[in-house]
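Peer 1: Structure below; questions to follow.
The values are calculated or read from the model by the stated rules, or taken from the named source; none is laboratory data. Keep in mind that what you see is a predicted model, and the values were worked out from it rather than measured. Virtual Cβ from ideal backbone geometry, glycine too; neighbours counted across all protein chains shown.
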Amino acid sequence: MDKDPGLFCSFGRVGFYLESSRKGKIMKIFLVLYFIFFILFCLVLPTVRVWRQQKILAITFKNTDSAHDYIGKLFKVVILAAGFPALLYLFNEERLPRLIQLDLPPSVFYLGLIIMAVSLLWVMIAQIQMANSWRIGIDYEKKTELVHEGFFNYSRNPIYLGMHGSLLGFFMVLPNVWSLVVFLIAHILMQIQTRLEEEYLEKMHGASYADYKNKVRRWL
């Protein structure tokens, strides 16, 4: 018996709607939880931990015109820019197509969720491994211990690597020109920041950091 093409198309539209609706619900719940966990476990709690143990503010970016502090200001802009399409999706979804959506296979969406979750866990573990040496930016006032265990045995910058993964996964979950540009700008900023930090660490730790640098790659 031949299939009714009209009936088949109707079921196809219903299936697409249900799939889109399910993805939408997963997406909204995931985004809310993700940003709460990221801010809490990757920014607030590590900062509080360092303050309690050392009475030092772990956020080292200041309001000067140095290259280091200028990059810090740009990082803040990137964070706000990354949150913009997420907020738009949560509260004003119909305006999202204006960010120029990119058509990717459905499997990319779910892969992006996994990459974001793994990257968040990766960053949290790397921050714990840094212990009292963890900073946001370069601490020019206090010498920190060189960390080369755990993830740092495989990457000189595992936290920035995890941030790359988070932003890449975010683009895969919410693929549009805006999230792609945010990822590319963040990538450039992290490339510059890692080099500034590595130059400082080599001056501070000398031969021990130079030896570490020769054994471990910048990323992986």
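Peer 1: Consider residue 76 carefully, then state whether it is among the basic types (Lys, Arg), farther than 20 Å from residue 33 by Cα, without any contact (Cβ under 8 Å) to a residue 12 or more places away in the chain and assigned to a helix (DSSP H, G or I).
Peer 2: Here the answer is yes, as residue 76 does meet what is asked.
Peer 1: Being buried (at least 16 other Cβ atoms within 10 Å of the Cβ) and over 25 Å from residue 25 (Cα atoms) is the filter here; which residues of segment 109-132 pass it?
Peer 2: Of everything in segment 109-132, those that are buried (at least 16 other Cβ atoms within 10 Å of the Cβ) and over 25 Å from residue 25 (Cα atoms) turn out to be 122, 123, 124, 126, 127, 129, 130.
Peer 1: Still on this model: When you go through 118, 123, 182 one by one, which is the residue that is under 30 Å from residue 100 (Cβ atoms), free of Cβ contacts under 8 Å to residues at least 60 places away in the same chain and hydrophobic (A, V, I, L, M, F, W, C)?
Peer 2: Residue meeting the stated conditions: 118.
Peer 1: Continuing with the same structure: Going by the structure shown, is residue 58 within 20 Å of residue 186 (Cα to Cα), among the aliphatic types (A, V, I, L, M) and modelled with pLDDT of 85 or more?
Peer 2: No: the conditions fail for residue 58.
Here's the yes/no breakdown for (1) free of Cβ contacts under 8 Å to residues at least 12 places away in the same chain; (2) within 18 Å of residue 170 (Cβ to Cβ); (3) under 18 Å from the mean Cα position of the chain (by Cα):
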{"residue": "33", "(1), (2), (3)": "yes, yes, yes"}
{"residue": "66", "(1), (2), (3)": "yes, no, no"}
{"residue": "81", "(1), (2), (3)": "no, yes, yes"}
{"residue": "88", "(1), (2), (3)": "yes, yes, no"}
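Peer 1: Out of segment 90-102, which residues are in contact (Cβ under 8 Å) with a residue 40 or more places away in the chain and at negative phi?
Peer 2: 90, 93, 96, 99, 101, 102
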